[in-house]
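The values are calculated or read from the model by the stated rules, or taken from the named source; none is laboratory data. Keep in mind it's a predicted model, so treat the numbers as computed, not measured. So basically every Cβ, Gly included, is an ideal-geometry build from the backbone, and we count neighbours across all protein chains shown. Accessible surface areas use protein heavy atoms only, side chains included; no ligands, DNA or RNA. Shrake-Rupley method; radii C 1.70, N 1.55, O 1.52, S 1.80 Å.
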Amino acid sequence: NNDKSVPQLLIRDLKFEKKSLTKLMFSPDQENHPSKAPVKYGELIVLGYNGSLPNGDRGRRKSRFALFKRPKANGVKPSTVHIACTPQAAKAISNKDQHSISYTLSRAQTVVVEYTHDSNTDMFQIGRSTESPIDFVVTDTVPGSQSNSDTQSVQSTISRFACRIICERNPPFTARIYAAGFDSSKNIFLGEKAAKWKTSDGQMDGLTTNGVLVMHPRNGFTEDSKPGVWREISVCGNVFSLRETRSAQQRGKMVENETNQLQDGSLIDLCGATLLWRTAEGLARTPTVKHLEALRQEINAARPQCPVGFNTLAFPSMKRKDVVDEKQPWVYLNCGHVHGYHNWGNKEERDGKDRECPMCRSVGPYVPLWLGCEAGFYVDAGPPTHAFSPCGHVCSEKTTAYWSQIPLPHGTHTFHAACPFCAHQLAGEQGYIRLIFQGPLD
């Protein structure tokens with residue numbers, strides 16, 4: 001099987017129809033008249049889902065959420081500060097029509113900051129609660145979970161009112177993130193145990209229990225992107241270095257030269273789920289699902305074959321992304337040789353999990369390959385030549401290289417790289433492998 005005459009096919013060698021693919025590169029928004037379409041600020045995409053939630057997207061609970069300019073501004077900005085338990089402070093808290101943030105310093109003292117309407121901004125709230133103030137309902141991501149039943153039993157670490165994003169209604173439509181969201185009574189309460197303090201200009205600020213972490217990539221979200229540094233965002237949108245653990249009482253150091261302004265590719269971690277922010281401009285440069293479908297058909301048209309059974313392999317359609325198909329390509333993760341499914345080379349002494357590749361005899365996991373269908377995770381429009389290890393999700397080389405370098409928060413104080421399509425922790429030296437297909441023999 002190692003005979004040099006056997007055609008070895010790397011997907012990058014396929015002559016992709018450049019013209020037809022560039023046509024498909026651009027998002028449908030651009031094909032319509034942009035003047036008539038509502039202004040889109042950007043989209044939030046939850047890591048760990050390959051295009052939709054396991055049980056389907058429903059209402060405010062889905063794998064991606066688009067932020068559009070609202071018909072009427074609903075943003076708020078801080079105004080009056082009330083100190084101590086005066087009747088005025090109590091009134092501010094109980095006033096259902098007034099947004100406010102309450103900082104409980106002790107049983108005897110609460111500082112209430114009233115917020116007033118801001119006609120220049122739109123506010124979007126994210127959290128676990130299904131109450132009406134939450135625009136995007138996010139639940140804990142269970143790596144590789146195929147159904148929501150796996151996720152509900154876990155005690156959630158995501159806050160009910162986790163964070164809010166404020167978007168400028170005028171160009172350049174800047175989006176900023178703040179920890180904590182307003183509840184149904186338009187209040188944010190920071191209890192006695194929450195980390196809070198008075199700022200140098202006499203204002204109050206604080207952190208939420210498990211914190212809201214943000215990482216802005218360097219060089220934007222492109223094929224040249226590099227991971228940035230994880231920071232914590234306060235209730236007032238200030239930037240801090242990380243606490244020792246997620247819920248430690250002691251806040252990190254303030255980072256003066258960084259802001260809470262989101263950029264294309266910023267990651268937002270809510271302690272239980274991580275969201276990717278994509279700007280409208282960034283999405284316009286990103287491959288569309290149509291483009292990924294064209295790449296899939298292009299690979300299948302090259303008729304890659306199993307070097308053992310000589311049967312033709314084919315990636316299943318994007319709709320069938322969870323069911324193993326009989327023509328499904330499988331890969332040996334140590335060497336990258338792609339085969340059809342076969343029982344050859346089982347290593348009994350290794351619990352049957354590791355297999356010996358018939359092409360090169362290297363021993364390692366043997367898994368089915370799945371196309372990465374969530375286009376928002378791609379940093380370029382390159383062909384699907386590489387797969388994440390150990391899950392077998394396939395995408396472009398630059399995309400696998402980028403995500404394999406990103407330390408994603410896990411639990412309360414650890415970080416590890418994970419596949420963006422299924423949230424599985426990456427394994428092996430690089431966390432991904434180049435795929436080697438065999439071409440048809442005729």
Q | Candidate set: the range 154-187, residues that are among the charged types (D, E, K, R) and over 20 Å from Asn120 (Cβ atoms); chosen: the one most open to solvent (accessible area, probe 1.4 Å) | A | Arg160
Q | Near pairs, Cβ below 8 angstrom, 6+ apart or cross-chain, from the range 265-281 (on the phi < 0 side of the Ramachandran plot) to any residue that is of a type in the set (Lys, Arg) and assigned to a strand (DSSP E or B) | A | Ala280/Lys40
Q: Quick one: which strands (runs of 3 or more DSSP E) lie wholly within the range 358-442 and hold at least 2 residues that are open to solvent by 10 Å² or more (accessible area, probe 1.4 Å)?
A: 363-368, 408-410, 414-416, 432-434
Q.
List pairs: first residue in the range 388-409 and more than 15 Å from Gly428 (Cβ to Cβ), second residue of a type in the set (Gly, Ala, Ser) and surrounded by fewer than 24 Cβ atoms within 10 Å (Cβ to Cβ) anywhere in the structure, Cβ distance under 7 angstrom, at least six positions apart or on different chains.
A. Ser396/Gly382; Glu397/Gly382; Lys398/Gly382; Tyr402/Ser225; Ile406/Ala417; Pro407/Ala417; Leu408/Ala417
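Condition check ((1) more than 27 Å from Thr139 (Cβ to Cβ); (2) modelled with pLDDT of 95 or more) across all residues:
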residue	(1), (2)
Thr209	no, no
Val212	no, yes
Gly220	yes, no
Ile233	no, yes
Leu270	no, yes
Trp277	no, yes
Arg303	yes, no
Pro307	yes, no
Asn311	yes, no
Q. Would it be correct to say that Gly252 is on the phi > 0 side of the Ramachandran plot and out of contact with any Cys (no Cβ under 9 Å at 6 or more places or on another chain)?
A. no
Q. Within the set of pairs 6+ apart or on separate chains, which have a first residue in the range 365-381 that is of a type in the set (D, E, K, R), a second that is assigned to a helix (DSSP H, G or I), and C-beta atoms under 7 Å apart?
A. Asp380/Lys398; Asp380/Thr399
